[in-house]
1. Using 0.36 nm per residue, how much length does the chain from K55 to A241 gain when fully extended, once their Cα-Cα distance is taken away?
2. Let me make sure I get this right: for region 77-138, a, b and c are the square roots of the gyration tensor eigenvalues over alpha carbons, sorted descending. Under 1.5 in a/c it's rounded, otherwise prolate if a/b > b/c, else oblate. Which is it?
3. Any idea which of L107, Q177, V197 is furthest toward the positive side of the dipole for region 56-201, if Lys and Arg beta-carbons carry +1 and Asp and Glu beta-carbons -1?
4. Rounded, prolate or oblate for region 196-344? Axes are the square roots of the Cα gyration tensor eigenvalues, ordered a ≥ b ≥ c, and the cut-off for rounded is a/c under 1.5.
5. For the chain, what relative contact order do you get, as a whole percent, if you take Cα pairs closer than 8 Å and at least 6 residues apart?
6. Just to confirm, what accessible area per residue do you get for the chain at 1.4 Å probe, in whole Å²?
7. How high is the relative contact order of region 128-277, in percent, with contacts defined as C-alpha pairs under 8 Å that are six or more residues apart?
8. On the protein heavy atoms, probe 1.4 angstrom, tell me the percent of accessible surface of the chain carried by carbon and sulfur.
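The values are calculated or read from the model by the stated rules, or taken from the named source; none is laboratory data. Everything numeric in this text was worked out from a predicted model, so none of it was measured. When we count neighbours, we look across all protein chains shown, and the Cβ atoms used for this are built from the backbone with ideal geometry, even at glycine. The area values use the complete protein model at the heavy-atom level, side chains included, leaving out ligands, DNA and RNA. Shrake-Rupley method; radii C 1.70, N 1.55, O 1.52, S 1.80 Å.
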Amino acid sequence: MLSMDESDTEPGGARATQQGVTGLLLTNLGTPDAPEPEALRRYLAEFLSDPKVVKLPRLLWLPILYGIVLRTRPVKSAEAYARIWGKRGSPLLANTLNLADRLEGILRTELGPKFNLAVGMRYGNPSLGSALATLKEAGVARLLVLPLYPQYAEATTGSTEVAIRETLRCLRWAPSQAMVRNYYADPAYIAALAESVREHWEARGHGERLIVSFHGIPKKVSESGDPYAGQCAVTAKLLAAELGLADSSWQLAFQSRFGPAEWLKPYTDVTLKTYASKGIRNVDVICPGFPADCLETLEEIALRYTEIFREAGGNDLRYVPALNDREYHVQALARLVIGLVRKA
């Protein structure tokens, strides 16, 4: 299912016409400015103080955040980022910008010269505020929003919606708006994922199992009604069906848990250890919830979980790269944006 939300908030209630300037905000989670403790401290302070990310009462959580977490976690996180930091800096930012460049080229062809695209991160730089200010200055009358979160979660898409609303209010700007809130079952997205797996198999061989790993969320959040877990399950099942996989040859799992609370299960690292104990030596791992490669894919899965798997007795964990700026991914996202325009 593709979910799109649209609102008409333009002054006077007039919807932007086809002749008006259309702008696309392409947004992702965010990244620190450098793989250094102080940069991580700034980034994590912004990220982990968001009440939609950590749902503990503020009076309980903020002393823990500033008194414990931000005194210890930035050093460890900086070491993790340093393992994957590239010449262009943060992989997530570099991959998102590459994707944006290619997407903008297609959309300018389809929508005409009165189209503008800006990249804004929910946390860190370039900020949502700077991206939206750029689009306002370009004279955008119709604002389209594409969060790079195929599966909706309150901590990601939901938080982004709130931040955009607050930023527009601060900018005193009221364009008409339309947002892609999820695309977890979009056929072009599923086809792109499947093609990336086939390319991976052709290049590196076919593992004994395919783990379809998503970023986890606390179990309590899911039980309170967040649709994320169900959407992840649908994506995984559709991908397996597209690849023609038997139920016994693939596994849905969740990674990146934080803190002592129970998160969505099964856990990816535990699953890898279980596989190794059963004599499964070669596995493939794909992360459909991350359209652009980032810390969670390049360091957590490809490096750290590879080490965990081998220490448990496994041989080879082969990470399937994110869709990034592959042509079939760019085309799939372009279809989503054009769908917003046609609906508007």
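1. On the way: separation 186, 0.36 × 186 = 66.96 nm, distance 3.54 nm.
Length gained, K55 through A241: 63.4 nm.
2. On the way: a/c = 4.32, a/b = 1.79, b/c = 2.41.
Verdict is oblate for region 77-138.
3. Checked the options; the winner is Q177.
4. Details: a/c = 1.85, a/b = 1.27, b/c = 1.46.
Judged from the Cα gyration tensor, region 196-344 comes out oblate (a/c at least 1.5, b/c at or above a/b).
5. Values: 585 pairs, mean separation 78.6, N = 344.
Relative contact order, the chain: 23 percent.
6. Working: 15050 Å² over 344 residues.
Result: 44 Å² of accessible area for each residue.
7. Working: 151 pairs, mean separation 36.3, N = 150.
Relative contact order here is 24 percent.
8. On the way: 8030 of 15050 Å².
Carbon and sulfur: 53 percent of the exposed surface of the chain.
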